Amino acid sequence: MRTLTRRGFLRSALGSAAAMCSSASILSAMSCAAPKVTPSTNETPRRVLADLHVHPMLNAWLRRTPIAVRYPILATIAETEFNPTKVSWQRCHEAGVDLMCAAHFNLGDEWLSMPTDPNPRAPSSTMLMMDLLEQELAGPAAPYATLAKNHVQLADLLRVRKGDPDFRIAVVHTIEGGHALGGDLEVLGSLARRGAASMTITHFFNKGIATAANAYPFFPDGSSPWPAQGASAFGKEVVRRMEELGMIVDITHASATAVRDVLDCAHKPIVASHSAARTLADHAYGLYDDHMQEIAQRGGLIGVILDPYLLANYADVTLAKRHGSLRDAVRMVRYVAKICGSHRSVAIGSDYSGYIGRSAEMNRLSQIGRLRSRLLKEFGEDEQVVEDIMANNAIRFLRENWRTGFA
Ligand SMILES: [Zn+2]
């Protein structure tokens, strides 16, 4: 046995004491503990949700269509039967939702001019949808939400957190479906001036920009020679012009061939705002792993949709309706983070109030805390990782890549 000198003994004893004092469990049992740290009562609240894709105004817009004006009961039936996910400004404000990318989609402009021809009147509908949202935010929704027209206004709004009387949800214009252009590239300039942050270049049907994936079995894109065609020459022009204007290219709904074409011609980071991985959910709507990896490597972002049907392999929509759960979303978030190599490439694009299916546990966007709880369990109670996925990644992406809205 080694004999210690007196100096050696003292050094060893002091070293052991220091090590013991650095252990939290022993600190609490011994009187040599450091001063107690009391949690600050005015810590900045954690971010709740920055939703990359949500439809807060779709019901209101559909109620303005001529057929719904004439037969309001039809709109009521549609909302009740086919739009089970709800978005309320007040409830989302109370829940502390930080940001909503509000998607503008006009069904008539996409569907009534089928099969492939764009509707030249579509741009005016899009402007009206933007007007409607702005009127809502200046009127009934004013106590709860405010428009962010550009990334500077967004940063200002996000400085005020939940709990402050001035807290408002930041709302950003986005466009669902390149049919909104009506086949006219110049319309992108008008959308950019109004601050549209992003646009999905296609939606359910190919309107001359890119082939669409079949999101649901009852929406086959019969107008496209799917999946061979991809992005058209005009579609590639659209991508180029969007990048020039600082509008983010969204490849959600694009067929795999079109996603490849966009990746080949894009120079800036792109987003899949409300998507899923095809490996876990075998639908043409989802993204291939290598496409997700490339999007992530090039600084892009994947928003996970919260529609159980598109997140798993339910045999049909009815079974997804019966058994769909937030566990489908959690599993998808975990998988996308793994494939992309970082949780920082993943966000949430709920698609709530967009006539999607709901999970059993959450039919209101304001219940988003339930997803957060499940993600916390999945990610070992790591608050930072979950906050990044639910909000910080989307906010960072918008701040870095959204450059419209300064006219
Ligand atoms: Zn969509």
* Asked: In this structure, does residue 94 turn out to be assigned to a helix (DSSP H, G or I), touching a residue at least 60 places away in the same chain (Cβ under 8 Å), loosely packed, with under 15 Cβ neighbours inside 10 Å and away from the ligand (no atom under 16 Å from the Cβ)?
  -> yes
* Asked: If you go through region 308-322 one residue at a time, do you hit one that is closer than 29 Å to residue 403 by Cβ and within 16 Å of the ligand (Cβ to nearest atom)?
  -> no
* Could you pull out the residue among 304, 317 that is closer than 20 Å to residue 353 by Cα, modelled with pLDDT under 95 and not aromatic (Phe, Trp, Tyr)? => 317
* Please verify whether region 153-164 includes one or more residues that are basic (Lys, Arg), out of contact with any strand residue (DSSP E or B) (no Cβ under 7 Å at 6 or more places or on another chain) and closer than 21 Å to residue 63 by Cβ. => no
* Would you mind stating whether residue 270 is within 16 Å of the ligand (Cβ to nearest atom), touching a residue at least 12 places away in the same chain (Cβ under 8 Å) and under 22 Å from residue 311 (Cα atoms)? => yes
* Is there a residue in region 246-257 that is assigned to a helix (DSSP H, G or I), at pLDDT 95 or above and not basic (Lys, Arg)? -> no
* **When residues of region 183-212 are limited to those that are away from the ligand (no atom under 16 Å from the Cβ) and not small (Gly, Ala, Ser), the one surrounded by the most Cβ atoms within 10 Å (Cβ to Cβ)** => 191
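For region 97-107, how many residues meet the condition of being under 15 Å from residue 347 (Cα atoms), within 16 Å of the ligand (Cβ to nearest atom) and out of contact with any Cys (no Cβ under 8 Å at 6 or more places or on another chain)? First the steps, then the outcome.
Here is the first cut: in region 97-107, the ones under 15 Å from residue 347 (Cα atoms) are 97-101.
Keeping just the survivors that are within 16 Å of the ligand (Cβ to nearest atom) gives 100-101.
This time we only want the ones that are out of contact with any Cys (no Cβ under 8 Å at 6 or more places or on another chain), so: 101.
Residues that pass the stated criteria total 1.
Yes/no matrix, rows are residues, columns are (1) crowded, with 22+ Cβ neighbours inside 10 Å; (2) free of Cβ contacts under 8 Å to residues at least 40 places away in the same chain; (3) over 25 Å from residue 275 (Cβ atoms):
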residue	(1), (2), (3)
156	no, yes, yes
161	no, no, yes
165	no, yes, yes
178	yes, no, no
181	yes, no, no
* Structure fact -> Taking region 34-58 and keeping only residues that are of a type outside the set (A, V, I, L, M, F, W, C) and either modelled with pLDDT of 95 or more or in a strand (DSSP E or B) (or both), one is left with 47, 51, 53, 55, 56
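The values are calculated or read from the model by the stated rules, or taken from the named source; none is laboratory data. Everything numeric here is computed off the predicted structure, so don't read it as measured data. Here the Cβ is made from the backbone with ideal geometry for all residues, glycine too, and neighbour counts use every protein chain on show.
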